[in-house]
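To start, the structure under review is shown below, and the notes come after it.
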Amino acid sequence: MSQYPSADEAAAALSAVERRQRHVVDQAQLPALFWWATAVLMVVFAAAVDAYRNQPIAIGVSVVLFVAAILGATGWAVRRTMLAQVSSRLLGVRGVLAILVFVGVDVGISLAVAFAMQSRGLTHPATTGVGIGAVLLAVGGPRLMGYLRGQMLAQTRTMP
Amino acid sequence: VIWKNQQLIPDDAAQVVDTSDESAARFDELIHAPTRLSLVALLAAAEWAEFKYLRDALELSDSALSKQLSTLEAVGYIHVRKGFVGKRPRTWARLSPAGRVAFAGHVAALQQILRRAGGSGIATGRDAAADDHDAPDLADQHGHS
């Protein structure tokens, strides 16, 4: 025979549901260290490009090292998320737009600064442009994660 | 059995519940068991989850989790897939469409209980979402826990 849950039991059950769903959303968050590590790698790579502009082999080595380091950092950051993939339904249109806007603004500002400096004949255009983008990434990345977390938790409440 | 307006009515009346409406409140005793509710809630927020993640998140033994997964798989609420990552065996679970509907209905039923009792501050977000739904019945779909 069915036992009709009391209001307290129902509230406790809903609280448990929210707690478990928050667990899934939280384990998908990238740590702040990932954003800073990526920013530093970007600046180092850009500095190498500026320093070895006329040395293709040095540039090639820099590219290989940069890609390997980025892959390593990304692998470290997402290792937890490989255990459970958060539902794409939770991200929603706003989440996707937030990611696209963040990437677009970051890359756009970096390129604009770098090309503007280059056209004026200033030194270290790549390092400066990427440096600004790296700061935006390091500061904005955790904020983006926070926004996406809020969006996903809100989605779990409206779409169990 | 089915609960309607907080009264128990006969088994055959459960058929009147409109299962085509995904938002219908439908109390599901199979899901309501605490461990399975937590398990299904985890899977509802994920595309899929690995056995190890579920075991650690729920603080269950391997055998206890296997038993719960088998129970949910037997009624078609989850799909379990086994495979290998490198040479290591892995097991993944995901909520089926039927399981997602059952979970949504169960959450709606819990919200309905709260509303009838005068509400609660614990799940206000879910309450607000459920206010948009017309969910009159609380049905025991399986009759076991």
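Quick note: the coordinates plus some simple rules give every number you see, no bench work behind them. Since we're looking at a predicted model, the values are computed, not measured. In this analysis, Cβ positions are derived from the backbone assuming ideal geometry, glycine residues included, and neighbour counts consider all displayed protein chains.
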Provide the gained length on full extension for the span A:R143 to A:V101, in nm with one decimal, where the gain is 0.36 nm per separating residue minus the Cα-Cα distance. 13.8 nm
Ratio of region A:1-100's C-alpha Rg to 2.2 N^0.38 Å, to two decimals? 1.76
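Using the C-alpha atoms of region A:1-57, what convex hull volume per residue, in cubic angstrom, is computed?
On the way: hull volume 5.9 nm³, N = 57.
Cα-based convex hull of region A:1-57, divided per residue, equals 103 Å³.
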With -39,500 (n - 2.57) per DSSP H segment of 4 or more residues and division by the full residue count of chain A, the 222 nm estimate, nearest 500 deg cm²/dmol, is -29000 deg cm²/dmol
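What does the extension gain come out to for A:V64 and A:R22, with contour length at 0.36 nm per residue minus their alpha carbon separation?
Values: separation 42, 0.36 × 42 = 15.12 nm, distance 3.79 nm.
Taking A:V64 through A:R22 to full extension adds about 11.3 nm, to one decimal.
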Cα coordinate range in region B:44-84, projected on the principal axes (Å, largest first): 24, 24, 20
In peptide A:79-89, how many Cβ atoms from other protein chains are near each Cβ within 10 Å, on average? 5
Plugging the Cβ-Cβ distance of B:K87 and B:K52 into 1/(1 + (r/R0)^6) at R0 = 22 Å yields, to the nearest 0.05, a FRET efficiency of 0.85
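So what's Rg/Rh here for region A:60-160, counting alpha carbon atoms and using the Kirkwood radius for Rh?
Details: Rg = 17.3 Å, Rh = 16.0 Å.
When Rh is taken as the Kirkwood radius, the ratio is 1.08.
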Using the per-residue mean of other Cβ atoms lying within 10 Å as a proxy for protection, in what order, highest first, do the peptides A:144-152, B:104-112 fall? B:104-112, A:144-152
Can you work out ³J(HN,Hα) from phi for every residue in region B:72-89, in order, using Karplus 6.51 cos²θ - 1.76 cosθ + 1.60 and θ = phi - 60°, giving whole Hz and x for Gly and Pro? 6, 5, 4, 9, x, 7, 9, 10, 10, 10, 10, x, 10, 10, x, 9, 8, x
Please give the average number of partner chain Cβ atoms lying within 10 Å of the Cβ of each residue in B:48-59, rounded to a whole number. 3
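Per residue of B:97-105, how many C-beta atoms from partner chains lie within 10 Å of its own C-beta, taken as a mean?
Values: counts 0, 0, 0, 4, 0, 0, 2, 2, 1.
The mean count of partner-chain Cβ atoms within 10 Å per residue comes to 1.
Return one quarter of the surface area of the convex hull spanned by the alpha-carbon atoms of region A:117-160, equal to its mean projected area, in nm².
Numbers: hull surface 16.4 nm².
If I average the Cα hull's projected area over directions, I get 4.1 nm².
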In nm, to one decimal, how far is the modelled label at B:A74 from the one at A:A116, with both set 7 Å along Cα→Cβ? 6.8
So the angle from the long Cα axis of helix A:32-51 to the longest Cα principal axis of chain A, reported in degrees to the nearest 10, equals 10
To the nearest 10 degrees, the tilt of helix A:7-27 (Cα long axis) against the first principal axis of the alpha carbons of chain A is 20
If you take the alpha carbon radius of gyration of region B:27-99 and divide it by 2.2 N^0.38 Å, what ratio comes out, to two decimals? 1.04
